[in-house]
Amino acid sequence: MRPFPQPFTSLATPLFEPETTLCEMRKEGLTVQVVQRGEQVELRFGNRVTQSAWSREQPDRLVLEYTRAMLVGFLFAPAARRILHIGLGAGSIPRFIHRYWPEAQQRIVELHPEVVEVAFRYFDLPVSARLDVVQGDGAEHLRLCRERYDLLFLDAFHAEGVPHHLEARTFFDLVRERLEPGGWLVNNVWGSDRANLRRVVANLRLAFPSMYAVSVRAQSNVILYAGCAEPPPQAALERRAEALAGRMPLDFDRLGERLYRFGAVPAVEGVLDF
């Protein structure tokens, strides 16, 4: 698979589209904003950074590039049934999985109840027996609940980035304990802070034997995939990509071509350089 293909084409609303604030809540140092630009609704945390986006005209489409890249995790766990999300945002990924992977039972752990409220009110997060939303800290939830998962999506950004305790070696050790033997972690990391990216990669490599990455675009999100077992050979990944494309409206072949596999010595620059 080619390690450094060109960045995805963005499907988001143009940057300077006039916008309207639909909701703004402030509590305990967190500002939650819901903004509409054209037909697109965005979640922000008190700044201009779009955390999540949803299309009113195409509600089943994944608008932001990084969310499509995170679904590459299904290449490694193509029979996933139990899925945990730490961090909700607007619920783009769980909503998409709920629509196109109905056999999955999903649980979402979100620290801030305000985020949960706006996800249901403004972003069409479904109310379903197949989607369980829990308010709390993700690491604490893993310590207290001993269920195991096939896929764990970690996307727990706030305005300043990811909480440090969700990037620590001890946390990744706990994640591995809560994954099935063939389970995978899919971790969204900010790529512009290379020192922190190196720390996260090093901590993951101490906890997991297998690791891949996709850089969504330079100076932006890096998606890390960490597995409990050796990954399948390339031919098997290609077969899985073809099968998954028949179930989900994503180009898994092209997404898979972006995968960068870490060697014995992690090389962060290999992920970031195009």
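Quick note: the coordinates plus some simple rules give every number you see, no bench work behind them. Bear in mind that the values here come from a model prediction, so they are computed numbers and not experimental data. Positions of Cβ are backbone-derived with ideal geometry, glycine not excepted, and every protein chain shown enters the neighbour counts.
Observations, loosely collected:
- Paramagnetic reach from residue 243 in segment 93-110 [backbone N under 16 Å; point 7 Å along Cα→Cβ]: 101-104
- Theoretical gain in end-to-end length, residue 127 to residue 180 [0.36 nm per residue, Cα-Cα removed]: 16.4 nm
- Ranking of 111, 144 by count of other Cβ atoms within 10 Å, fewest first: 144, 111
- Fully extending the segment from residue 135 to residue 253 would add 38.9 nm, taking 0.36 nm per residue of separation and subtracting the current Cα-Cα distance.
- Each peptide among 124-135, 63-74, 181-192 gets the average number of other Cβ atoms lying within 10 Å of its residues, and from highest to lowest they stand as 63-74, 181-192, 124-135.
- Evaluated at q = 0.08, 0.13, 0.14 Å⁻¹, the base-10 log of the normalised Debye intensity for segment 60-272, with identical point scatterers placed on the Cα atoms, takes the values -0.24, -0.68, -0.80.
- Ranking of 228, 23 by count of other Cβ atoms within 10 Å, fewest first: 23, 228
- Cβ-to-Cβ counts within 10 Å put 179, 22 in ascending order as 22, 179, the fewest first.
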